[in-house]
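As structure tokens, the structure follows; a few thoughts come after it.
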Amino acid sequence: MVTRSYTFCAIFLSPGSKQAKTALVLKPSICYNSMIKVERLNVNQPKPKRFPLGAIPEKKGVLAPEDIRYLLMGKVIIEEKMDGQPVKVLSTDPQLFIFAEDLKRMHSIFYHVPGRYAIFDIFNPARDLFLCWEEKYQLSMEIRRGKIKIPELDGALFFPVPQIAHGKFTMGELPRFLGVSAYARKYRDIRTPVPGEGIVVKLGADAFPEEYQPGKIVREEFLGGITDNYLRLPLRMNAIDPSVEVPRHFLWDRQPIR
């Protein structure tokens with residue numbers, strides 16, 4: 001469970017080290033070829049595990065049957081899964097833990113996005129809860145407009161991950177929400193949308209505890225077809241454009257919700 005005394009331990013790691021997979025607090029002036037400051041914050045974001053659908057290369061990281069039953073027993077929120085570097089930062093007044101994907105550098109998907117950091121979760125330490133999607137969206141937009149401050153980072157760099165669907169679904173119905181991404185584009189062609197990495201399925205409740213287990217579905221090419229780590233590939237950047245629309249919901253080519 002989350003402790004209320006927040007202790008920060010700053011260390012320096014290279015981006016390729018195993019420890020660098022923990023929360024990264026990136027300063028805008030730091031490039032990817034430099035050492036990256038890592039701040040260890042004592043709140044852990046629930047890491048999604050895969051639904052047992054399609055070609056799963058291994059059992060590790062797959063949802064247990066009891067987790068599936070708990071997750072799908074009521075309404076869920078489906079969000080787009082974005083391909084970036086997970087980061088965790090702390091806002092002030094109110095104090096919130098912001099979990100986001102750093103999309104500055106292209107990994108396996110080229111994005112045309114309204115900011116560098118795509119917010120996928122917000123934890124409120126005063127309530128010991130992760131916030132529901134609606135409250136998360138509202139606070140994400142307040143961060144983007146500068147009403148909630150994050151030290152040394154411009155709020156305009158942040159935007160909320162779009163919601164794809166909200167409702168009650170069986171596991172077999174979930175793959176239909178895989179499709180064209182809100183922000184993924186053909187490389188160097190921002191006018192041509194392409195499929196996203198996958199989807200993340202979360203509880204549709206008002207708020208949820210740290211211990212719950214979200215699920216995900218990742219497109220097959222991400223399960224077995226991508227073999228090169230992005231850190232070993234030539235340095236390529238995503239297109240960050242503040243004029244890009246920030247949608248609340250995104251469906252496009254996906255089937256209508258019944």
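Under the condition of being in contact with a strand residue (DSSP E or B) (Cβ under 8 Å, 6 or more places away or on another chain) and surrounded by 13 or more Cβ atoms within 10 Å (Cβ to Cβ), which residue from region 31-43 is modelled with the highest pLDDT?
Taking region 31-43 as the starting set, the residues that turn out to be in contact with a strand residue (DSSP E or B) (Cβ under 8 Å, 6 or more places away or on another chain) are 32, 35-41, 43.
Checking which are surrounded by 13 or more Cβ atoms within 10 Å (Cβ to Cβ) leaves us with 32, 36-41, 43.
Numbers: Tyr32: 27, Ile36: 26, Lys37: 32, Val38: 32, Glu39: 41, Arg40: 37, Leu41: 50, Val43: 78.
My answer is Val43.
If you take the residues of region 208-219 that are in a loop (DSSP other than H, G, I, E, B) and either crowded, with 21+ Cβ neighbours inside 10 Å or of a type outside the set (Asp, Glu) (or both), which of them is modelled with the highest pLDDT?
Here is the first cut: in region 208-219, the residues in a loop (DSSP other than H, G, I, E, B) are 209-214, 219.
Within this subset, residues satisfying the condition of being either crowded, with 21+ Cβ neighbours inside 10 Å or of a type outside the set (Asp, Glu) (or both) are 209, 212-214, 219.
Numbers: Pro209: 68, Tyr212: 78, Gln213: 88, Pro214: 93, Arg219: 82.
For region 208-219, the residue satisfying everything is Pro214.
Would you say Ser140 is buried (at least 20 other Cβ atoms within 10 Å of the Cβ), assigned to a strand (DSSP E or B) and hydroxyl-bearing (Ser, Thr, Tyr)? Show your work before the answer.
Numbers: buried (at least 20 other Cβ atoms within 10 Å of the Cβ): yes; assigned to a strand (DSSP E or B): no; hydroxyl-bearing (Ser, Thr, Tyr): yes.
Considered against the rule, which asks whether it is buried (at least 20 other Cβ atoms within 10 Å of the Cβ), assigned to a strand (DSSP E or B) and hydroxyl-bearing (Ser, Thr, Tyr), Ser140 comes out as no.
Condition first: charged (D, E, K, R) and either under 18 Å from Val113 (Cβ atoms) or touching a helix residue (DSSP H, G or I) at 6+ places or on another chain (Cβ under 9 Å) (or both). Now tell me which residues in region 124-183 satisfy that. Before you say what the answer is, go through the steps one by one.
So in region 124-183, the residues charged (D, E, K, R) come out as 127-128, 134-136, 142, 144-145, 147, 149, 152, 154, 168, 173, 176.
Scanning region 124-183 gives Lys136, Glu142, Arg144, Arg145, Lys147, Lys149, Asp154, Lys168.
Need pairs with beta-carbon distance below 7 Å; first residue farther than 23 Å from Ala100 by Cβ and at pLDDT below 90 and within region 44-71, second exposed (fewer than 15 other Cβ atoms within 10 Å of the Cβ) and of a type in the set (Gly, Ala, Ser); sequence gap 6+ or separate chains.
Once the first residue is farther than 23 Å from Ala100 by Cβ and at pLDDT below 90 and sits in region 44-71, its partners that are exposed (fewer than 15 other Cβ atoms within 10 Å of the Cβ) and of a type in the set (Gly, Ala, Ser) give Ala55/Gly224; Pro57/Gly224.
Within region 88-113, which residues are of a type in the set (A, V, I, L, M) and surrounded by fewer than 20 Cβ atoms within 10 Å (Cβ to Cβ)?
Within region 88-113, Leu90, Met106 meet the criteria.
Scan region 194-211 and report the pairs whose first residue is farther than 16 Å from Phe177 by Cα and hydroxyl-bearing (Ser, Thr, Tyr) and whose second residue is assigned to a strand (DSSP E or B) and modelled with pLDDT of 70 or more, with Cβ atoms within less than 6 Å and a gap of 6+ or a chain change.
Correct list of pairs: empty, since none qualify.
State yes or no: is Asp83 modelled with pLDDT under 95, acidic (Asp, Glu) and under 17 Å from the mean Cα position of the chain (by Cα)?
Values: modelled with pLDDT under 95: yes; acidic (Asp, Glu): yes; under 17 Å from the mean Cα position of the chain (by Cα): yes.
It is true that Asp83 is modelled with pLDDT under 95, acidic (Asp, Glu) and under 17 Å from the mean Cα position of the chain (by Cα).
Considering only residues of region 60-70 that are in a helix (DSSP H, G or I) and either in contact with a Phe, Trp or Tyr (Cβ under 8 Å, 6 or more places away or on another chain) or of a type in the set (Phe, Trp, Tyr) (or both), which is nearest to Arg176 (Cα to Cα)? Talk me through it step by step, then tell me what you get.
Initially, region 60-70 is screened for residues in a helix (DSSP H, G or I), giving 65-70.
Next, only the ones that are either in contact with a Phe, Trp or Tyr (Cβ under 8 Å, 6 or more places away or on another chain) or of a type in the set (Phe, Trp, Tyr) (or both) stay: 68, 70.
Numbers: Ile68: 18, Tyr70: 21 Å.
For region 60-70, the residue satisfying everything is Ile68.
Please return the ranges of strands (runs of 3 or more DSSP E) entirely within region 152-207 where 2 or more residues are touching a Leu at 6+ places or on another chain (Cβ under 9 Å) and not hydroxyl-bearing (Ser, Thr, Tyr). Write out each step before concluding.
Numbers: elements: 158-160, 163-167, 180-186, 189-195, 198-203.
By residue number, 163-167, 198-203.
Looking at region 81-115 only, could you name the residues that are closer than 21 Å to Asp189 by Cα, assigned to a strand (DSSP E or B) and of a type in the set (A, V, I, L, M, F, W, C)?
Of everything in region 81-115, those that are closer than 21 Å to Asp189 by Cα, assigned to a strand (DSSP E or B) and of a type in the set (A, V, I, L, M, F, W, C) turn out to be Phe110, Val113.
The values are calculated or read from the model by the stated rules, or taken from the named source; none is laboratory data. What you are looking at is a predicted structure, and each value in this text was computed from that prediction instead of being measured. For neighbour counting, all protein chains shown are included, and Cβ atoms are generated from backbone atoms with ideal geometry for every residue, glycine included.
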